[in-house]
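Report on the following structure.
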Amino acid sequence: MRYGPDDKFWVVIDPSCESEMGDILFECSLKELELQFKGGLDMDRNPTIFTAYKEAKIEAHARLVTRQAAEAIAENIREGTDKIEVLDRDGIVLFSADLKDAEVLHGER
């Protein structure tokens, strides 16, 4: 598929702590993306281009959820939690992590 300077596509970037969906998922053209970079967007935010909105929204949602999970895990580490589990709606463990080794991050308990 050919894209010119004014053709629109979807961009997803990594969220910051305060980001919402509209901050990390946006429609733009090559001209507008150039302005985003001139305005401070950099490659550290992992910009990714999508031609389909649905794919872009799935990616953006996954990045937001991942960021929220990382913040929750960090908070639990600070509070001294030993284990994190992510369960599905039926209570089946999807992910489990032992945080005892995280003592390196916050010293002796």
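The values are calculated or read from the model by the stated rules, or taken from the named source; none is laboratory data. Everything quoted here is computed from the prediction, not taken from an experiment. Using ideal geometry, Cβ is built from the backbone for each residue, glycine included, and neighbour counts are taken over all protein chains shown.
Specify the residue that is farthest from ASP42 (Cα to Cα); the eligible residues are those in region 2-28 that are assigned to a strand (DSSP E or B) and among the hydrophobic types (A, V, I, L, M, F, W, C). Can you show your working first?
Step one: list which residues in region 2-28 are assigned to a strand (DSSP E or B), which gives 9-12, 25-28.
Cutting the leftovers down to among the hydrophobic types (A, V, I, L, M, F, W, C) gives us 9-12, 25-26, 28.
Details: PHE9: 18, TRP10: 16, VAL11: 13, VAL12: 12, LEU25: 15, PHE26: 15, CYS28: 16 Å.
Ranking the qualifying residues of region 2-28, first place goes to PHE9.
Could you pull out the residue among ALA97, ALA69 that is surrounded by 11 or more Cβ atoms within 10 Å (Cβ to Cβ), in a strand (DSSP E or B) and modelled with pLDDT under 95? Working first, answer last.
Working: ALA69 fails: in a strand (DSSP E or B).
So the residue among ALA97, ALA69 that is surrounded by 11 or more Cβ atoms within 10 Å (Cβ to Cβ), in a strand (DSSP E or B) and modelled with pLDDT under 95 is ALA97.
Contact annotation: residue pairs with Cβ atoms under 6 Å, 6 or more positions apart or on different chains, pairing a residue in region 82-101 that is within 17 Å of ALA70 (Cβ to Cβ) with a partner that is polar (S, T, N, Q) and part of a loop (DSSP other than H, G, I, E, B), are LEU99/THR81. Could you say whether any residue in region 21-38 is closer than 30 Å to ALA74 by Cα and either in contact with a Cys (Cβ under 8 Å, 6 or more places away or on another chain) or hydroxyl-bearing (Ser, Thr, Tyr) (or both)? Scanning region 21-38, I find no residue that is closer than 30 Å to ALA74 by Cα and either in contact with a Cys (Cβ under 8 Å, 6 or more places away or on another chain) or hydroxyl-bearing (Ser, Thr, Tyr) (or both), so the answer is no.
Take GLY91 and decide whether it is in a loop (DSSP other than H, G, I, E, B) and either of a type in the set (S, T, N, Q) or at pLDDT 90 or above (or both). Here the answer is yes, as GLY91 does meet what is asked.
Within the span defined as region 17-35, every residue fails to be under 25 Å from ALA97 (Cβ atoms) and free of Cβ contacts under 8 Å to residues at least 40 places away in the same chain.
If only one of SER16, SER29 is at pLDDT 95 or above, surrounded by fewer than 16 Cβ atoms within 10 Å (Cβ to Cβ) and either under 15 Å from ALA56 (Cβ atoms) or of a type in the set (Ser, Thr, Tyr) (or both), which one is it?
Values: SER16 fails: at pLDDT 95 or above.
Only one candidate qualifies: SER29.
Only one entry of GLY39, GLY80, GLY107 meets the criterion of being at pLDDT below 95, among the small types (Gly, Ala, Ser) and surrounded by fewer than 10 Cβ atoms within 10 Å (Cβ to Cβ), and that entry is GLY107.
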